[in-house]
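Just so it is clear, none of the values below were taken in a lab; they were calculated from the coordinates. For clarity, every value in this text was computed on a predicted model and none was experimentally measured. Glycine also receives a Cβ, built like all others from the backbone with ideal geometry; neighbour counts cover every protein chain displayed.
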Amino acid sequence: AECGGGIGGGSREERVIAGLRKRRLVDEAFGDLPAHVSDGIARLSRSLCAAVERLASDLYESECHFLYELVQNAEDAHAQERPAGAAQPSLSLRLGSSPKWPAYFVSDNNEAGFSDTDIEAICDISASSKKRPSSQLGSAGPAAANIGCKGIGFKSVFTVSDKPYVLSGGFTFCFDVTGPLGKLGYVTPTWLSPAELKALPTEVLAAHRAGRTVLFLPLRHPKLAAAIGREMEEMMDQGRATILFLKRLRRIELAPLHARARAVYWEGEGASAASAAVVVEELEAEGAAAGRQERHSYHVYHYRATSSSAAAPELTLAFPASAPSSIAGGGTDATVEPATTAAGGCDNEDGAATVQRLESLFCALPIRCVGFGFALHCGHFDLVANRGDLHHGSATNRAIRDALGEAFAAACAARPEVSARALALLGDPVADPFWRVAREEILERLGGVACVATAAGPRRPDQVLLRGRGALRHLSELLPSELVLASCGRAFCGAQETAQERLLRRLGAEDFGPSHLCRCLMYDGGDWPGGWVKGMWSKSTDTNDNQEVFRVLATLYSCLGSVMLNNSFADPTNGPSAGVTEIAQLLPKLPIFPLPNGDCTCLADGQVYSAPCPEMSERWQRALGDLGALRLLPAGLVRALDGSAGRLLGALAVVAAGPGDVAGVALGLQVRAATASSKRPRASALRAGPSVQSRSDVEGRWASLAILREVWLHRSSSSATAASPSSSSTAPAPTAAGCAGGGAGGALGTALRDALLSLGLCPNPEEAERFAETSLGSLVLVPSRGAAGPAQLPPSRLRCPTLLGSAGCLAEDIAARVDAFLGLPPLGSAGAGGSGGATFRAPAFLAAAEAAEVPPAF
């Protein structure tokens, strides 16, 4: 009777168990049967028992898979329609130990209890009471809502226990494979005697008396407790999204043997809510909340595939919303540090959260992970017997897979928060050929989705720039993202891994290259009137803080040098790349050279010099630079350049100015002033020539005159020396104030001639020499002040015409040449005025104009 024999006595539940034992031919005598029949029954029983044993021990990859099967059974056991005020469906899974039971596992839940049909199902193979129709994917109803349907899940408990106990309502029985039934105990229940029932742990009996369905598993070996504890932790981590897809069960508590118990439960507004959270909460020993929680938020999207048939699958996609947040016992929020991602998520420029891990496929319970960063649930997956994978040949599974691409794209279109992180949510490259098809379909659809996070907000892949490598990557980091967007129509993204960059290139992203760099540097508009370099330079001159600009420009020149010189000539047989050629063609037009006057210039506008001429006064040249006439780079910038930047400037002929260059600039300034003067109305002789207002204008004009004086004196000295090589002239060498070097002749001696030739004022050197001797004064205008205001006048119209030099310091032939240069009458002539003093000559016809004050530097 204690073993469950005898159908007639006991409770209804005990009679059900006895009936099942009778159908298994337990305690039946076969003496009246022929020997061969008895032997056949015995053989058949042994074969069946061996098959069940193999099924129980080898079906599942993990010996702890039974945990998920218990979750499935609890989900299916809860009534779909719950009465008002009913307790929230919950399940508790915990480990324990006692002197009588060294290690055991307990599962209890608040379901309504096992029915007779349920009991028969767990005592059989492939006789589930939860069959669902397979003719239509979209079928509904209680059966369709069930997870389990194969009738073998319960057998997984035998991987850890040889004698599982079941207590549900009036049913109290066990399956004992170590007792008299042997292997037949896998499918044959044994009723528990009162003594056996009383010997169970107190917590098991208490849960049963509280009306809960309890499964008690004495573990085959105490070491199994550690493995089960690890699997519980995995359920809290990788399997926590399970709670999102369970329609009935809303709370699962897990208590490892030597760790704090935790509960995982669902928070949301309903099964069809657009967002939900999985909360992991620490528990005290008696099950009360300890206060610390982790909330894992998900964006949930439900999608029914478009199909002409009635078999359109319904998919649920759950996208991790952000890194988890932790709420301590005191109620304060604290950010949980992001873990290293397996999904290849990247830290974006705008701080967008990255995917923390890969999610699984779900048929309510986890199936397996295939590489997606989002969870995919479909209740109609056709699973293999151990629920570890899908049947790849199943038409149902293929229909679900083929619908995933359109479901993902629809979620991106409906949820901006999903589309902004779509690439990270896509996860890792998928190795499984079956699911690789779905990933490729998703990628095809993402080409037109704003799925790349940038500093300018989400952008389509074809609106994105990758920063590239090497010098170009360094250059891209110098440029403001707003400038790149305005000039190139693309925004930088934060992809930093090779795999991510390959993926984005495939979807239409471009690497930051020479053409993008040139567009950025040539952009003129918006916040950068005159260009990016001009904007930086203007701001720095306003604040007198140039060092940062010098550092940025030095880096710009250095990187350009690396791109141009290293790449262009690295392979002489193939020549420069197309990008380098493009930079070489556009480089003269790039306004990347700051000038001392706050302006910015390019090589196409004229020669740029890295330093003043060492043979002339630097102060005079800097004055021309402040006027914008001599295009000198700031000295601080030149000092900041490294070798690569210096080589680039050398290749562009940005070198120190020569005497002819400086003389040409000074003479050109005079020529332009004279040309402008000749075109003005001659209403008043006192206002001939353009007016001079600013200090830099005044100093620049005087600097040009001082430079012309210097080169003219050196030219005159050279001519005199050449004419009388053996004479002992008493004339002193020219000693103009501030002259930095050079004897008579040399570069300074030919500078004036070279300047006349470079400006096209003379066709050949002979004509240039004659022009310098006789006509140079016709090109010179001197700043003056008069009754009508500032003006520039020819020297012959000024009261102090010898201001360019003291005649008393000059030899007579040099003084005569000065007079000729200024267009004055010879010394002692009738028009000379005065008593013939060599240091002051004032034409009698000049009455109202006088020379402007000469700055001390000149």
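Brief remarks on what is shown
- With the largest listed first and rounded to whole Å, the semi-axes of the equivalent ellipsoid of the range 158-197 from the Cα gyration tensor are 17, 11, 9.
- Summarised as an ellipsoid, the range 373-502 has semi-axes of 36, 15, 10 Å, derived from the eigenvalues of the Cα gyration tensor scaled by 5 and square-rooted, with the largest first.
- Each Lys and Arg Cβ is given +1 and each Asp and Glu Cβ -1; about its Cα centre, the range 156-238 then shows a dipole of about 280 debye.
- In this calculation the C-beta distance from LYS22 to PHE434 is compared with R0 = 45 Å, giving a FRET efficiency of 0.45.
- Which listed pairs, of LYS22/LYS198; LYS100/LYS183; LYS183/LYS247; LYS22/LYS223, have C-alpha distances above 31 Å, in listed order: LYS183/LYS247; LYS22/LYS223
- In loop segments of the range 348-456 as defined by DSSP, the GluC sites (Glu not before Pro) with at most 15 further C-beta atoms inside 10 Å of their C-beta are GLU349.
- In sequence order, calculated HN-Hα J values of the range 471-487 (Karplus, 6.51, -1.76, 1.60; Hz; x Gly/Pro): 5, 5, 5, 4, 5, 4, 6, 7, 7, x, 4, 5, 5, 4, 5, 5, 8
- When the Cα gyration tensor is reduced to axis lengths a ≥ b ≥ c, the ratio a/c is 1.5 or higher for the range 443-563, and with a/b above b/c it is classed as prolate.
- HIS391-HIS474 FRET efficiency (beta carbon distance; Förster radius 51 Å; 0.05 resolution): 0.45
- For the listed peptides 66-75, 461-470, 695-704, a ranking on the average number of other beta carbons within 10 Å per residue, highest first, reads 66-75, 695-704, 461-470.
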